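Trainee: Can you read through this structure? Questions will come right after.
Please treat every number below as a calculation from the coordinates, not as lab data. It should be emphasised that the depicted structure is a prediction, and the values quoted were computed from it without experimental measurement. FYI the Cβ positions are ideal-geometry reconstructions off the backbone, even for glycines, and counts take in every protein chain you see.
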């Protein structure tokens, strides 16, 4: 079934990640987080990582383990209050965190994958998060220039893949995963089940296979 | 002025906000409820024409499921388990915020720390605090057609959360359209607040004394029974 060579173990897939890499991680809370891949990244011991994710997961889980294991240099994301350990590490100056409003965070990743270097958005105009950013008036309203985000590697979670890498998602576990799949040089998908090519309904495929470089089968 | 316990505040805000939303249902109403007080509004609103949206990618959000029906793949923006409703749909986070940013979201009901006399909202950051995050608040406030703030009227120390000028970091340039507290619904339009509905137990003169912004009282003031 592995005619295209994309199906591999989590350890083999994350061996593509180097010290200092920018790594996108999908998920909203635990939902849609590729825990198996993140755990493999913890085991790899890679350091100085720049983690791009909505948040850090709970203490002792997922991305938080990377922070607790001192593998993270900086984080770019939206909401960290759910994890006191990560907020403390930030307050102690051990990691840098850049906050981006959630909708802008989604859109800078989408733009990164779509070849759009920057765009204007009304969100954050007039707030601390717009300080130092270019702004411009359109139709009498202030808009802020936001730059696209890309990554070296994306770790995503999906419901099912075919062995070519086409993906379908489950409910709200979709969240940032299809966006991140498009915005990284190498995308690794953790899926609950790998099925033969041709057995997914083409109408239902959300992420077409060209975005997926490695497929790892694992129960969530 | 009566001080309500937190549960009473929550129910009074939810009833007032639900009544306000019901008055807006002249077409299908797409509504985003924030975490905290706003999330309770759906318990008091039962209309087939109101559809709840969550930022993490769903329209047509249903109530909290029974424990045996919880699904880790089906949560709201506060990470709480929710359920499907007939006609619900899923989408990714960029599409979810395009709904908001593109002007397709009729109403956002959102919590706040402060709202000032210019209607401006501070709801995401308390400098020096142990929180770090912005969530979807800035996107919702700038993008929704109608912004409804749902917050307790007073701080824990008894101070007014309707203030002359916000002291906390602002969430955006866009002012609120309505502020709902346990004492009533204040409409903000043309640079001034007007009390448009309140509880049948609220003394308006006393309410003015504990509120640090000026407000007028609507000639069509609605009195609702709000006690739990």
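Trainee: Using Cα-Cα distances under 8 Å and only pairs 6 or more residues apart, what relative contact order does chain B have, in percent?
Mentor: Averaging sequence separation for qualifying contacts and normalising by length gives 20 percent for chain B.
Trainee: A follow-up question, please. Stokes-Einstein at 4 °C, 1.567 mPa s, Kirkwood radius from Cα pairs: D for the stretch B:10-123 in µm² s⁻¹?
Mentor: Approximately 87 µm²/s, per Stokes-Einstein.
Trainee: A follow-up question, please. For residue B:227, put the label point 7 Å out on the Cα→Cβ axis and report which residues of the stretch B:10-41 keep their amide N under 20 Å from it.
Mentor: Backbone N within reach: B:10-17.
Trainee: Another one. Return the distance in nm (one decimal) between the two label points of a simple spin-label model at residue A:91 and residue A:128, each offset 7 Å from Cα along Cα→Cβ.
Mentor: 1.4
Trainee: Here is a further query. How long is the stretch A:153-220 along each principal axis, judged by its Cα atoms, biggest number first, in Å?
Mentor: Result for the stretch A:153-220: principal-axis Cα extents of 27, 23, 23 Å.
Trainee: Kindly work out what percent of the DSSP beta bridges joining two residues of the stretch B:1-110 are antiparallel, to the nearest 5.
Mentor: Antiparallel bridges make up about 50 percent of those DSSP assigns within the stretch B:1-110.
Trainee: Okay, moving on. Could I get the Rg over Rh figure for the stretch A:61-175? Both from C-alpha atoms, Rh via Kirkwood, rounded to two places.
Mentor: So for the stretch A:61-175, dividing Rg by the Kirkwood Rh gives 1.02.
Trainee: Measure nothing but the geometry: give the 0 to 90° angle between the long axis through the Cα atoms of A:35-44 and the longest principal axis through the Cα atoms of chain A, rounded to 10°.
Mentor: So the inclination is approximately 90 degrees.
Trainee: Another one. Dividing the alpha-carbon radius of gyration of the protein assembly as shown by 2.2 N^0.38 Å (N being the number of residues), what value is obtained?
Mentor: Scaled against compact globular proteins, the figure is 1.02.
Trainee: Here's another thing I want to ask about it. Could you work out how far the C-alpha centroid of the stretch B:36-51 sits from that of the stretch A:1-30, in angstrom?
Mentor: 40
Trainee: Also, quick follow-up: I need the calculated FRET efficiency for the pair residue B:71 and residue B:200, taking r as the beta carbon distance and R₀ as 35 Å, to the nearest 0.05.
Mentor: After rounding, the FRET efficiency stands at 0.25.
Trainee: Also, I was wondering about something else. Find how many whole Å separate the alpha carbon centroid of the stretch A:52-82 from the alpha carbon centroid of the stretch B:200-220.
Mentor: 46
Trainee: What number do you get for the stretch A:28-87 when its Cα radius of gyration is normalised by 2.2 N^0.38 Å, N = residues?
Mentor: Ratio of Rg to 2.2 N^0.38 Å for the stretch A:28-87: 0.98.
Trainee: Would you mind checking the tilt of helix A:102-114 against the longest principal axis of the Cα atoms of chain A, expressed as 0 to 90 degrees and rounded to 10?
Mentor: Result, in degrees: 60.
Trainee: Looking at the square roots a ≥ b ≥ c of the eigenvalues of the Cα gyration tensor of chain A, which shape do they give, rounded for a/c under 1.5, prolate if a/b is larger than b/c, or oblate?
Mentor: Oblate is the answer for chain A, as a/c is 1.5 or above yet b/c matches or exceeds a/b.
Trainee: Moving on. Averaged across orientations, what area in nm² does the convex hull of the alpha carbons in the stretch B:100-154 project?
Mentor: Dividing the Cα hull surface by four gives the mean projection, 4.3 nm².
Trainee: Moving on. When Cβ neighbours within 10 Å are restricted to other protein chains, what is their mean count per residue of peptide B:70-80?
Mentor: Mean inter-chain Cβ contacts per residue within 10 Å come to 5.
Trainee: Ok, one more. State the antiparallel share, in %, of DSSP beta bridges confined to chain A, rounding to the nearest 5.
Mentor: For chain A, the DSSP antiparallel bridge percentage is about 30.
Trainee: For chain B, find the longest principal axis of its Cα atoms and tell me its angle to the long axis of helix B:6-22, 0 to 90°, nearest 10.
Mentor: 80
Trainee: Now, a different point. Given labels modelled 7 Å from the Cα in the Cβ direction, how far is it in nm from residue B:80 to residue B:156?
Mentor: 2.1
Trainee: OK, next. So what are the radius of gyration and Dmax for the Cα set of the stretch B:56-146, in Å?
Mentor: Cα radius of gyration and Dmax of the stretch B:56-146 are 15.3, 47 Å respectively.
Trainee: Relative contact order for chain A: what percent, with Cα pairs under 8 Å and sequence separation of 6 or more?
Mentor: 23
Trainee: If you don't mind, there's one more thing I want to ask. Using a basic spin-label model with each label point 7 Å from the Cα along Cα→Cβ, how many nm lie between residue B:209 and residue B:118?
Mentor: Between residue B:209 and residue B:118, the label points sit 3.1 nm apart.
Trainee: Give the Kirkwood hydrodynamic radius (Å, one decimal) of chain B, defined as one over the mean of 1/r across all pairs of different Cα atoms.
Mentor: Value: 18.0 Å, from the Cα pair sum.
Trainee: For q = 0.18, 0.20 Å⁻¹, what log10 I(q)/I(0) does the stretch A:1-117 give under the Debye formula with an equal point scatterer on each alpha carbon and no solvent?
Mentor: Results for the stretch A:1-117 at q = 0.18, 0.20 Å⁻¹ read -0.94, -1.12.
Trainee: Related question: Once fully extended, how much extra length lies between residue B:218 and residue B:8, figured as 0.36 nm per residue of separation less the alpha-carbon to alpha-carbon distance?
Mentor: Gain in length upon complete extension: 73.1 nm.
Trainee: For the stretch B:99-228, report the convex hull volume of the alpha-carbon atoms normalised per residue, in Å³, without decimals.
Mentor: Convex hull of Cα atoms, per residue: 127 Å³.
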